[in-house]
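First the structure, in the form of structure tokens, and then the observations on it.
Rule-based calculations on the coordinates, nothing more; no lab input. All figures in this text were calculated on a predicted structure; none of them were measured in a lab. Note: ideal-geometry Cβ built from the backbone for every residue, glycine included; neighbour counts use all protein chains shown.
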Amino acid sequence: MSDEALLDKRRRIVGKKQTLKAILAGSAKVVYIARDAEKDVTDEIRNLCLQKGITLKDVETMRQLGKSCGIEIGAAVAALVE
């Protein structure tokens, strides 16, 4: 994954609750979803992004997404915000 903007804490959010808030508020521009995350965590976010025309990017693992966000733990979802 090459999106270095995820390391910028001012431009990214991590986690389902915060990502849902950003999608609903219209501030999420790109949403990243880990392929190995639980579907009950990611399906709602994926569907909302498709409805709202928000760019979705799949990441292989939660560990990889967490690392890309500069955190020590895995992440199911993350988003770049405006």
For the chain, convex hull of alpha carbons as volume per residue, Å³ | 75 Å³
Put +1 on the Cβ of each Lys and Arg and -1 on the Cβ of each Asp and Glu in the chain; which of ALA28, VAL77, LEU6 then has its Cα farthest toward the positive end of the dipole?
-> ALA28
With +1 on the Cβ of every Lys and Arg and -1 on the Cβ of every Asp and Glu, the dipole magnitude of region 4-81 about its Cα centre, in debye rounded to the nearest 20, is 340 debye
Using amide H atoms built 1.01 Å from N in the peptide plane, name the residues 5+ places from VAL30, or on other chains, whose amide H lies under 5 Å from its own.
-> LEU80
Simple SL model, points at 7 angstrom along Cα→Cβ for GLU44 and LYS29; separation in nm is 2.6 nm
Starting from the alpha-carbon convex hull of region 19-62, give the projected area averaged over all orientations, in nm².
-> 2.7 nm²
